[in-house]
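Let me begin by presenting the structure, written as structure tokens, before commenting on it.
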Amino acid sequence: MAPLPKSKRSTARKGRSLVSKMRSFSKLVKCENCGKNKLPHKACKYCNK
């Protein structure tokens, strides 16, 4: 059996974790090949370069 959480996660706590994830995605750079936004140090998912 898988382990279960000890208590329910409140909506405020869930929202805080989502905000921290979205804050990390705000650092986007433009792809030199196609010009779309991509994460730095990652391959572009549109042109694969």
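Exactly one residue among LYS6, LYS45 is touching a strand residue (DSSP E or B) at 6+ places or on another chain (Cβ under 9 Å) and loosely packed, with under 11 Cβ neighbours inside 10 Å, and that residue is LYS45.
How many residues, within segment 1-33, are part of a loop (DSSP other than H, G, I, E, B) and either among the hydrophobic types (A, V, I, L, M, F, W, C) or touching a Phe, Trp or Tyr at 6+ places or on another chain (Cβ under 7 Å) (or both)?
Of the residues in segment 1-33, the ones part of a loop (DSSP other than H, G, I, E, B) are 1-10, 25-28, 31-33.
Still in the running and either among the hydrophobic types (A, V, I, L, M, F, W, C) or touching a Phe, Trp or Tyr at 6+ places or on another chain (Cβ under 7 Å) (or both): 1-2, 4, 25, 28, 31.
Residues meeting the conditions: 6.
Tell me whether segment 16-25 contains one or more residues that are of a type outside the set (A, V, I, L, M) and over 17 Å from the mean Cα position of the chain (by Cα). The answer is no; no qualifying residue exists. Of everything listed in (1) under 12 Å from the mean Cα position of the chain (by Cα); (2) β-branched (Val, Ile, Thr); (3) modelled with pLDDT of 85 or more, the single unmet condition for THR11 is (1).
The values are calculated or read from the model by the stated rules, or taken from the named source; none is laboratory data. Note that the coordinates shown come from a computational prediction; the quantities given were computed from them, not determined experimentally. Please note: Cβ atoms are built from the backbone with ideal geometry, for glycine as well, and neighbour counts cover all protein chains shown.
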